[in-house]
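Take a look at the structure below.
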């Protein structure tokens with residue numbers, strides 16, 4: 001399933017977030033929560049996360065500083081979990097701090113994974129994207 005759309009949610013008192021109902025079946029085999037490169041939390045299926053990391057790691061020398069750094073970042077900042085019986089995930093303090101999330105969030109579908117953003121940070125990012133996207137699109141292939 002491709003993940004698409006934007007969904008506004010709020011964390012509960014135990015830092016749990018409801019995964020949009022339409023996507024819950026995709027996470028039947030588990031969930032990987034990860035620090036993303038942007039200030040947000042990435043939500044992957046286990047296979048999706050493995051595919052993502054293997055898309056760039058095998059091309060790097062296993063002894064190189066770059067590969068070790070990438071392995072350390074993605075390995076130490078990702079966490080295996082499952083949806084609870086109500087379709088929620090619990091965000092830990094490391095991930096909440098990285099994304100500056102306290103309560104109000106936006107869950108984004110980003111084709112092969114979900115992203116959880118601080119609602120205000122996403123609004124600012126979306127405004128910046130709106131101004132930049134035409135130039136980015138035009139530069140592809142040139």
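Read-outs: derived from the displayed coordinates by stated rules, not from any lab. Note that the structure is a prediction, hence the values are computed from the model and not measured. We place every Cβ from the backbone using ideal geometry, glycine too, and count neighbours over all the protein chains shown.
The label point for residue 85 and the one for residue 22, both projected 7 Å from the Cα toward the Cβ, are 2.8 nm apart. Based on DSSP H segments of at least four residues, each scored -39500 (n - 2.57), the chain has a per-residue ellipticity at 222 nm of -11000 deg cm²/dmol.
Using Cβ counts within 10 Å as a stand-in for footprinting exposure, how do 103, 14 rank, fewest first? Walk me through the numbers on the way to the answer.
On the way: 103 12, 14 8.
Exposure proxy ranking, most exposed first: 14, 103.
Between residue 126 and residue 61, what's the calculated FRET efficiency when r is the beta-carbon distance and R0 is 25 Å? Round to 0.05. Walk me through the numbers on the way to the answer.
On the way: r = 38 Å, r/R0 = 1.51.
It comes out at approximately 0.10.
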